[in-house]
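FYI, it's all coordinate maths here, none of it is from the lab. Quick caveat, the model's predicted, so the values are computed rather than measured. Neighbour counts are summed over all protein chains in view; Cβ atoms, including those assigned to glycine, are modelled from backbone coordinates with ideal geometry.
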């Protein structure tokens, strides 16, 4: 469809979370919590309980009984759970690219990015961490949401549902947010086709880990077109009419690989994580590959 | 200017228009949004792929569209306008009587108004006199509405009696045989109809001075007294209603006295008082009929012959053609055939239909060849 203003609307500009997604999110968070507990247990057995232990707090119904400090229970008659370093201090920041090009794909790249962002932040919250979500909002200004408690989960979902793929917001504006400087872990979600690796990797270091998730739509990763096509950039409306053949597809694939390889190489060189995801991938796979 | 037998068929021109739009839309490549436009630009710049030219529809499509246009035009039936609407040639009588003002405006004005009402097609105007005619004008020259200088007489109608010619006059000395006629004037129709030389006289009036004068006039003019119901030129009838009153009417050498009925002037036809007193008409003439108020028993004193001649003069002027003649204010219209077409009527529908078929075939052939 051709928009009246000459721009081609992206496939889906909105973020929508279905009932099924909520159920999947709950399962994902539960698995993340369970895995964290097991890993903590293994680390505790290997290194001794005292290494990771930062303190105690009262037990909340439903918590993993393996975290229960049985000694304190016997001594005080009150259930207390151990508080580990990660629970106490992990500060996760998720940078979400919401430029118009993120609306490309079915489901859109933004949809997957939003699902991954929620999954990571909810998993972090379940493990005692806190999250800062960053994205462009109305008028291109930077908006954030701080997820510090389980009570704020619903609000974080609502905040995420207000994200729309529109405009041409600069990633640099998000990356310069001071909230990122306090984060231990920064996850950047976007197609990043108009960003430079160095721009993102400046965040790395000083105990801060950067994980880059480059999300591309199927038609961007492996276009299935032949013949005439008019490619349109939904961010600026620029277009290019091409007669696409097999050779053109090969050349395109090569050029795209070159760009992606630059990101991979740059991140690897700085000891950071780079992932490539297709927009129709399951968020569990993408977020699971990042989850520490 | 081209005219069409079925102008509504031109609406079918929307079909090729829609087809053209559809073809143009079909030629436009599908749109696809992408976040990797820069990558495609890079590929395009390396000449791995040629930027696609937004081509016009192929020749076969143009041929098809042209064929559809030709078919639509053929349906509408185009033709040259002269093939059907040959103008009437209006011959205008500019003799002095045409400028008489006896019915609101001149007779020419009224005749022109009648002409435009009756013949709303294209016309050309010629003014004619007895021995000359002007050039033709496509518009009526407004200066003709004013009486001309010089000696203008009634045209020689016999030389102008042809199909497609229309006489515009107030009276014509002869009835047209092939030409058409619009005549507006006092005597408009009198001379163009066969004269009915028959009359009716109320027998009651026979012994009266008026009756005797009518009988003398009829005998002198060769009028036959009607004894049957066939049309007559004049009926002289005694009024049967109206209050009786004494009267006395004086002519130059005669005096008529006695009693008479009061006559009512008819509203639906022109009438004229032939004999009258200060108290009203004694004889009222209208087309084809005299109403007589003079009652039997009235006496004529003085010169009998003078009275008879006076009556005969009035009969001469008024009786001729009163039978079924038109009222003074009404025109006489006798429209014949318009002028024959100047050239045979020619339709281009067949030509366009053939062209349409040829273009359709060309379109198919080009399509087969991939053009």
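For this structure, a couple of remarks:
- Computed over the stretch A:119-253, relative contact order equals 15 percent, with contacts defined as Cα pairs under 8 Å that lie 6+ residues apart.
- Percent of Cα-Cα distances greater than 14 Å, calculated over the stretch A:215-292: 72 percent
- The Kirkwood radius of chain A, taken over pairs of alpha-carbon atoms, gives through the Stokes-Einstein law at 25 °C and 0.890 mPa s a diffusion coefficient of 120 µm² s⁻¹.
- Whole-angstrom gap from the stretch A:258-292 to the stretch A:155-200, using each part's C-alpha centre: 15 Å
- DSSP-defined antiparallel bridges as percent of all bridges, the stretch A:68-142, nearest 5: 25 percent
- Convex hull of alpha carbon positions in the stretch B:198-319: directionally averaged projected area 7.2 nm².
- Expected-Rg normalisation [2.2 N^0.38 Å, Cα atoms] applied to the stretch B:218-257: 1.72
- B:363, A:99 arranged by Cβ crowding within 10 Å, fewest neighbours leading: B:363, A:99
- Debye log10 I(q)/I(0) for the stretch A:172-236, one point scatterer per Cα, at q = 0.11, 0.18, 0.25 Å⁻¹: -0.38, -0.75, -1.14
- Radius of gyration over Kirkwood radius for the stretch A:69-155, both on Cα atoms: the Rg/Rh ratio is 1.19.
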